[in-house]
Amino acid sequence: MKPCSKNTVARDLQNRFSAITSLMFLSLWILISTGCSKDQKADGPGTPEVTVMTIVQQDVPIAPEYVAQTQSSRQVNIHARVSGFLDKRVYTEGAIVEEGQELFLIDQKPFKVQLDQAKAALARQEAAHKTATQNLDRTKPLTEQNALSQKDLDDAKGQFDTTGAAVEQAKAQVEQAKLNFSYTVITSPVKGITSAALQQDGTYINPQNSQLTTVEALTPIWVNFSLSENEWQRWRDEIGSGKVIPPPDKNYIVEIILVDGSIFPNTGKITFAAPSYNSQTGTFLLRASVENPDNVLRPNQFVRVRLHGAVRPKAILVPQRAVQQGSKGHFVWVIDKDDKAEPRPVVVGDWHGDDWFITEGLKAGERIVVDGGMTVRPGAPVKIKAQQKDEPNATGK
C-alpha cells in the first residue's frame, strides 16, 4: 500500500468541496423556485371585477348634427338710378341702417333745373289746351247755326285733342323729372348691415359704376347646410323602414350651435330644399330661417345645426366605452346567467352623446360589461361590482 501524495489528498478535498457546494446550490434553487411558485400563485389574476348594464329598448329622440353657414335673407346691391356727381356719403360704413335711411346724395342742382323746365313746359301746354278748349266751345254753336263749316269744327276738335295730349305728355315729363330728382337721395330698402362704399365722394356716377354699396338683412337670417347623397339616402331608407319616425309634417326644429359650443337662443325651421343635388359636391342643400333680432349671427358665419323632432323607436343604446374593436369588427362582452363573459359581435350605428346605437347583436334583458372589459377572458367568470343605471336618454342631446 502506497502512501497518498499531497496532490492526491488536495484533489480529493477539492472534489468533496465541489460536491457539497453543488448540493447547497441545488437545495437553494429548489427552495427559491418553490417559494416563487407559491408567490406567483398567490399574486396571480383573480376573478375580474366589472360594471354591467342591462339592455333596454325605448324610443330615443335623435338630433343629427351638420356643419352650416349663415346667409343674409335679403342681400341688396345699392345702385344709383341716375347719372351725376356723387355729392356725399351720409352713412357709416359697416353700420346697421334702418329701412329708408339715407346712404348717399347725388348733386341735385341739374335735376332741379330739369324739374323746373318740365313744370314750365306743362304750364305752356295747359295754356294752349285751355285756348283750344275755348275755341272748340265757340265753334260748336256756330257750326250748328251754319255760320261756320264742318271743317272749322273738325279743326277745332283736332286742336283740342292735340293740346290735350301735349298736356298729358308734359305731365309725364314732370313726373319723370320728379323721379330723377328723388333718385338723387339714395336710401336703404331694408334694415340691415352695410358694407364699405364702393365709390368715393366726387365720383361721376354712370351705368358702368353705378353700384355704391351693399346692405344685408340680418333678421331673419338663413342657415344653409348640406347632406351628402349617402346621408340623404340612408335617412330616407330609415324613415321608410320605420327605424326613424320623423316629426309631424316633417317640421324639424333647427337648433343653432355657435363656434364656442353655446346654443343660439332662437330656433328655426327648414324653409327650402334644393330641387336637385349639387353636381360638383354631390350634396343636397337645405335652408333654415331663424330670427336674429339681436344681430348675433352675421352672414357667412360658420355654425352647426341640430335637427330635432325625429325619434328612433325601440332603440338600444350602450356607452361607447362598452364597445371594443377586434380583428373582426366591433364586439361587447355579454354576461350570461352564470356570470360568465362571452364576446358578442355587434353592428354599431350613430353616436348619441356618449352612447352608441346598436343596430344588431343585442336584445332587451341581456347584460353587458361597461367597465373592466379589458380584464375579461372568454368563458371566464366575472365579479359584478356595480350595476349601471339604464338611462339611454341621459347622454343624448
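The values are calculated or read from the model by the stated rules, or taken from the named source; none is laboratory data. Nothing here was measured: the structure is a model prediction, and the numbers come from that model. Cβ sites come from the backbone with ideal geometry, for glycine too, and all protein chains shown count toward neighbours.
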Whether any residue in region 286-303 is in contact with a helix residue (DSSP H, G or I) (Cβ under 9 Å, 6 or more places away or on another chain) and under 29 Å from residue 236 (Cα atoms) is what I want to check.
no
Strands (runs of 3 or more DSSP E) wholly inside region 64-180 that include at least 1 residues being crowded, with 17+ Cβ neighbours inside 10 Å and more than 40 Å from the chain's Cα centre (by Cα)
84-89, 102-106
Yes or no: region 251-268 includes at least one residue that is part of a loop (DSSP other than H, G, I, E, B), among the acidic types (Asp, Glu) and not assigned by TED's automatic domain parsing to the domain that holds residue 292.
no
Just need a number here: residues in region 70-91 that are under 30 Å from residue 267 (Cβ atoms) and among the hydrophobic types (A, V, I, L, M, F, W, C).
1
When you check residue 286 against the structure, is it more than 30 Å from residue 195 (Cβ to Cβ), in a strand (DSSP E or B) and either at pLDDT 95 or above or assigned by TED's automatic domain parsing to the domain that holds residue 229 (or both), yes or no?
no
Residue that is surrounded by the fewest Cβ atoms within 10 Å (Cβ to Cβ) [pool: residues in region 265-288 that are touching a residue at least 24 places away in the same chain (Cβ under 8 Å) and of a type in the set (Gly, Ala, Ser)]:
282
Report whether or not residue 309 is of a type outside the set (S, T, N, Q), on the phi > 0 side of the Ramachandran plot and surrounded by 15 or more Cβ atoms within 10 Å (Cβ to Cβ).
yes
Quick one: in region 49-72, of everything that is under 27 Å from residue 246 (Cα atoms) and of a type in the set (Gly, Ala, Ser), which residue is modelled with the highest pLDDT?
68
